[in-house]
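Working notes for the structure below.
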Amino acid sequence: MKKILLFVIFGFQLCQAQDTIFVKSPDTFRRNYVEIGFNYPQGNLSNKFVHGVEVGYWLRNRLSKNNYLDYGLELNFLEKPRAIAYRYADSLIQFESSRVGLKLGFRYSLVWYQGSNPDGFSLESNSGLGWAALYYKVSSQYLDQFQHDLDKKTDLHTLFVSQTVKVNWNRIGFYVTGSLQPYTLFYKKNEAHFGGTLISWGMVTRF
């Protein structure tokens, strides 16, 4: 939680300072993006949960006229997640999902404005890179096998890449995202071929 708080504070400081860092003229674009949508797992993620609700907050910084750098976080609330097999000592232990996932990352955004009004109609492309995590806790039937409380919880994290397409109009937009999340990139104790792709869609508001 401390890392997340520091990330948000750093974001606000960079956002306030960007007029002197990136461009000399005042900015007229919307800096804050809130996204709410649904995601559906594909491939080797499709048997880990049915679907999820995602809520994201992004801060936008201008690099040049139509090019931006966004950074932010996204929470995922998983529907009907199933337990995973995790290797502990010489045994396979069942860990239950905490029903929550987290992403932190950056997005390079390219916007095509139609007209001079930045709040008018526009098309947008977001290419993302960052860190993703899923959180689990040991099933109650295995609690006696663990001597320390720290062993009763685990998180699986990985790098993710994503591509988003948006259609914006009057501070409201709609998006579709594809995201690759290979959770076996760093872990060998969880199930083989854990991870896959997420297809997301939803609504975004800018302010």
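The values are calculated or read from the model by the stated rules, or taken from the named source; none is laboratory data. Because the structure is predicted, anything quoted here is derived from the model rather than measured. Positions of Cβ are backbone-derived with ideal geometry, glycine not excepted, and every protein chain shown enters the neighbour counts. Note: accessible area is taken over every heavy atom of the protein model, side chains too, but ligands, DNA and RNA are not part of it. Shrake-Rupley method; radii C 1.70, N 1.55, O 1.52, S 1.80 Å.
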### Query
Do any residues in the stretch 162-188 that are within 19 Å of Trp131 (Cβ to Cβ) and among the hydrophobic types (A, V, I, L, M, F, W, C) have Cβ atoms under 7 Å from those of residues that are open to solvent by less than 20 Å² (accessible area, probe 1.4 Å) and at pLDDT 95 or above, where the two are at least six apart or on different chains, and which pairs are they?
Leu180/Phe160
### Query
Looking at Thr177, Thr158, Thr164, Thr197, which one is within 30 Å of Trp112 (Cβ to Cβ), open to solvent by less than 90 Å² (accessible area, probe 1.4 Å) and in contact with a Leu (Cβ under 6 Å, 6 or more places away or on another chain)?
Thr197
### Query
For the stretch 47-57, what are the residues that are among the small types (Gly, Ala, Ser) and either open to solvent by 30 Å² or more (accessible area, probe 1.4 Å) or within 18 Å of Leu129 (Cα to Cα) (or both)?
Gly56
